[in-house]
Amino acid sequence: MDQEMRDRLPRTAALLLGTLVLATAFITAYVGALHRPTPRDVPVGVVRGDQKAQALLTAVRNQTDLLEAVEYDDPTAAGEGLLTREVYGVLATTAEGGLGLTIASAAAPAATDVVVQVLGTAAQQAELPLRVTDEVPVASTDPRGLVPFYLAVGYVLGGYLAATVLGLGTGTAPRGLRRAWLRMAALAVYSLALGVTGAVVVGPLLNVWDHDLVGVAAAGALAVLAAAMIASAVQAWLGLFGTGLVILLLVVLGNPGSGGIYAPEFLPTWLRGMHLWNVPGLATDLLESVVYFDRRSTGWPITGLTIWTALGVAGVLSATLFHARRRGFRRRAPAPTSADAPTDG
């Protein structure tokens, strides 16, 4: 084994070990999270004082933890809760004395299926008629509501791959603030291009949605930019090893915890709230909101992705300054003189 191979061996071994850890984490996260999806505490809205609806939900809750009642002050607030994705359905007493269940299957068809099945059985046992209305149905071209998730995955994947390619081509840490701003500008242009491309693919090309293409493109561009900025920041600070951390956050934990494959209420406890802050979850929620729901439901996903983008920008700039200062310090360090050289005792 020559000297060059010996020098590279520790780095190669570390990279292989990191890959092994990532692959193991991938298997653990995906199989652990998705092998047995079990719904718990699926939220259903009800108006305070609606005795029939409250009584049925209480009876269900006493028998199982599948559903959780979320109380609202009036029917208008309950309707807003449905359209802003706080609940998957709203149960109310009808004028005829029966019960009406209004659902939003676009939020998660599997979750609304559980709501309809559980409340349908309970109403039948209570000998109460139940009328089901789907206020926000999924598109016929997306019957399981998975297109927003897969589109989000493509956007996030494109974002961190673009950052990785730029890092490999020009160095993970930009050499100076000018280059840092140029890199981020390039990623911003790329994000806009991929956002538009994704919208065109799911729109005119595949004809999944024929509306809100501008909104989809804008949401996609923000998702791509957030993923790209975070990847650039982590890689700027940690170098090639930062790519592994990015994959861990955005793919290994991000995808199963996004609530895209299964609604958050179907996931293990340790993953249930992850979609509220991780990039794939925020991107999926934003795309679903743009395509199907009230624009008010886009508030937190846009805010969350903007925060990630800002953190990424700050991370790139701070890493650039840090490495520039280190290089300057090394250049200023005085060279050793003969007087400094060690002598034999």
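Values in this text are rule-based calculations from the coordinates and carry no lab data. As the structure is a prediction and not an experimental result, all values here were calculated from the model. Reconstructed Cβ throughout: ideal geometry from the backbone, glycine too, with neighbour counts over all protein chains shown.
Placing unit charges on the Cβ atoms of the charged side chains and taking the dipole of the chain about its Cα centre, the candidate lying farthest along the positive direction among T24, V202, T121 is T24. Near E68, the amide H atoms lying under 5 Å from its own belong to V42, V44; only residues 5 or more places off or on other chains count, and H is placed 1.01 Å from N. Only Cα pairs under 8 Å and 6+ residues apart enter the sum, and on that basis the relative contact order of the stretch 42-134 stands at 29 percent. Measuring nothing but how far apart in sequence close Cα pairs (under 8 Å, 6+ apart) lie, relative to its length, the stretch 109-194 scores a relative contact order of 21 percent.
For the stretch 147-331, the calculated P(r), taken from all Cα-Cα distances in 10 Å bins from zero up to the bin holding the longest distance, is 11, 37, 32, 15, 4, 1 percent.
Is the shape of the stretch 105-186 rounded, prolate or oblate, going by the alpha carbon gyration tensor and its root eigenvalues a ≥ b ≥ c, with a/c under 1.5 for rounded and a/b larger than b/c for prolate? Prolate, since a/c reaches 1.5 and a/b exceeds b/c.
Once the dipole of the chain is set up with Lys and Arg at +1 and Asp and Glu at -1 on Cβ about the Cα centre, which of P280, H211, V224 lies farthest towards its positive end? Of P280, H211, V224, it is V224. In terms of its C-alpha gyration tensor, the stretch 42-134 comes out rounded, because the ratio a/c of the largest to the smallest axis stays below 1.5. Give the calculated FRET efficiency between N62 and E127 to the nearest 0.05, with a Förster radius of 22 Å applied to their Cβ-Cβ distance. So, using R0 = 22 Å, E works out to roughly 0.75.
Hydrophobic, long helices, defined as DSSP H runs whose alpha-carbon span along the helix axis is 30 Å or greater and whose mean Kyte-Doolittle value is at least 1.6, occur in the chain at 213-238. About the centre of its Cα atoms, the stretch 147-331 shows a dipole size close to 1400 debye [charges on the beta carbon of Lys, Arg (+1) and Asp, Glu (-1) only; nearest 20 debye]. Considering helices alone, the calculated mean residue ellipticity of the chain at 222 nm is -20000 deg cm²/dmol, with DSSP H runs of length four and up weighted by -39500 (n - 2.57) and normalised per residue.
For a test of the definition: using alpha carbon positions, the gyration tensor, and the 1.5 limit on a/c, classify the chain as rounded, prolate or oblate. The shape class here is prolate. Using R0 = 51 Å, the C-beta based FRET efficiency linking A14 and E71 works out to 0.40. Measuring nothing but how far apart in sequence close Cα pairs (under 8 Å, 6+ apart) lie, relative to its length, the chain scores a relative contact order of 18 percent. For the chain, DSSP calls about 25 percent of its internal beta bridges antiparallel. Each Lys and Arg contributes +1 and each Asp and Glu -1, all at the Cβ; summed about the Cα centre of the chain, the dipole is approximately 2040 debye.
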